[in-house]
1. So which residue, out of A:Asp260, A:Asp295, A:Asp223, gets the largest mean-square fluctuation from a GNM of chain A using Cα contacts under 10 Å as springs?
2. Mind checking which of A:Ala232, A:Asn29, A:Phe142 is farthest towards the positive end of chain A's charge dipole, using Cβ charges of +1 (Lys, Arg) and -1 (Asp, Glu) about the Cα centre?
3. For A:75-86, what's the mean count of beta carbons from other chains sitting within 10 Å of each residue's beta carbon?
4. Taking the Cα centroid of segment A:119-167 and of segment A:239-276, what is the distance between the two, rounded to the nearest whole Å?
5. By how many degrees, 0 to 90 and rounded to 10, does the Cα axis of helix B:37-49 deviate from the longest principal axis of chain B?
6. List the Cys residues of chain A that have no partner Cys with a C-beta closer than 4.7 Å.
7. How far apart, in nm, are two points set 7 Å out from the Cα along the Cα-to-Cβ line at A:Lys5 and at A:Leu243?
8. Could you tell me the total accessible area buried at the A-B interface, probe 1.4 Å, in square angstrom to the nearest hundred?
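The values are calculated or read from the model by the stated rules, or taken from the named source; none is laboratory data. Please read all numbers here as calculations on a predicted model, not as lab measurements. Glycine gets a Cβ as well: all are built from the backbone with ideal geometry, and neighbour counts include every protein chain shown. With ligands, DNA and RNA removed, areas are computed over all heavy atoms of the protein, side chains included. Shrake-Rupley method; radii C 1.70, N 1.55, O 1.52, S 1.80 Å.
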Amino acid sequence: MGSKKPIILTGALIGTLAVALVKFGNPINMGICIVCFIRDTAGGLGLHRAGAVQYIRPEIIGIALGAFLAALRGGDFNARGGSAPFTRFLVGIFVVIGSLMFLGCPLRMVLRLAGGDLNALLGLLGFAAGIYGGVWFLNNGFTLKRTYSLPRTEGYLFPALQLAFLGLLVAKPEFIFFSTEGPGASYAPLIISLAAGVIIGLAAQRTRLCMVGGLRDLIMFKDTHLISGFLAIFVVALTGSLLGGSFNLGLADQPVAHADGLWNFLGMMLAGLGSVLLGGCPLRQLILGAEGNIDSVITFMGMLVGAAFAHNFGLAASAAGPTANGRIAVLLGLVLLLALGFFHSERAMEVRMEGDVNLHV
Amino acid sequence: MFNKIDTRGRSCPEPVLLTQKAIGQNPEGVQVIVDNTTARENVTRFAKNSGYRVEIAGDGKDYILTLRR
């Protein structure tokens with residue numbers, strides 16, 4: 001196991017907490033889902049009015065705060081930004097639209113697979129196809145260009161925003177929404193959700209766990225480091241669902257899922273492609289945002305807006321299947337991301353050399 | 001003197017990709033400047049997997065990784 005030990009343990013920890021959170025009340029196969037929970041938070045804030053998915057999820061707050069503390073302690077906290085922020089905002093919107101077509105971010109995709117939901121297998125295939133596409137762009141000089149240093153204060157604002165969300169969740173002012181039925185009404189006790197989030201944030205910040213990075217690094221560099229975390233989540237969550245008796249193998253009647261294979265594939269393809277262009281999956285964006293990466297904060301805001309659009313415009317799929325609007329949005333997203341991929345690629349990637357040879361690769 | 005590549009400000013996985021292309025051109029070794037711990041770890045892991053020895057020097061903010069066969 002060697003140097004992979006921390007990341008495997010982190011994966012195992014996330015798998016365990018995901019199983020535990022379901023036991024404590026989170027929706028089935030949704031112990032943790034970054035996109036679903038951002039969607040619920042958007043609903044809790046009233047950014048959309050889909051009554052079944054409104055709850056400011058403490059897991060998101062906890063992950064951000066845990067990652068912030070770990071980054072401060074580990075010397076990784078560094079306020080920076082300026083790498084194509086609006087491109088990232090738009091890509092964030094479409095990562096969410098793709099994920100909500102499938103009904104889950106890459107993390108929930110693994111949890112759904114572990115619960116026996118075979119629809120997630122098509123999601124995984126689409127995800128891999130999207131990652132292949134993203135890798136193709138990277139190998140052809142895709143870059144969102146560099147970041148620049150920002151004042152440290154700028155970096156503190158995102159964790160502060162998360163604290164403000166926590167304040168709203170606890171104070172329950174009348175303008176904050178709480179689902180009374182549906183997935184948004186299934187949740188573990190606040191303190192447990194928050195604590196689980198903090199633990200995940202701490203561990204994932206230290207190990208740089210990323211769901212999209214696993215396949216990407218395997219394809220690009222034959223590096224199995226990150227994917228070992230991905231596999232550990234699967235193995236532990238699978239063990240948990242088998243032992244807990246919730247394992248249910250099949251395509252039909254899976255919890256918070258639909259069985260339209262083509263759109264499960266295309267939705268995750270959009271999410272996978274977008275995540276590679278961003279440099280990390282939704283979980284990783286959340287963690288980078290907490291480390292002071294303002295581009296990832298902008299991406300998070302894009303995901304929040306994307307979640308609101310997804311429900312306001314009827315783009316999100318449901319157990320009944322994809323909507324016509326959602327299909328159009330996913331196809332539009334694929335076209336937009338391909339265009340952004342092309343326009344942000346430098347045909348001759350200039351490697352800045354300070355030695356005696358100028359390299360044009 | 002090795003060639004230097006500057007990957008400061010680049011997000012994951014660009015520092016590794018730039019390193020990969022640089023050692024493709026200069027198999028004897030290169031120096032890579034990174035400005036964050038994630039890139040430092042990723043480039044180091046990639047270099048070791050590719051059969052290079054890595055020396056790390058840091059001035060507090062940036063790190064200079066020297067990759068030698």
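1. Taking springs between Cα atoms under 10 Å, the residue moving most is A:Asp223.
2. Projecting each Cα onto the dipole axis, the largest value belongs to A:Ala232.
3. Values: counts 2, 3, 0, 4, 0, 5, 1, 1, 4, 1, 0, 0.
Whole-number average of other-chain Cβ neighbours for A:75-86 is 2.
4. 22 Å
5. 10 degrees
6. If one checks each Cβ against the other cysteines of chain A, A:Cys105, A:Cys210, A:Cys281 turn up with nothing under 4.7 Å.
7. A separation of 2.2 nm, rounded to one decimal place.
8. Values: alone 14730 and 4340 Å², together 16410 Å².
Protein heavy atoms only, the A-B interface buries about 2700 Å².
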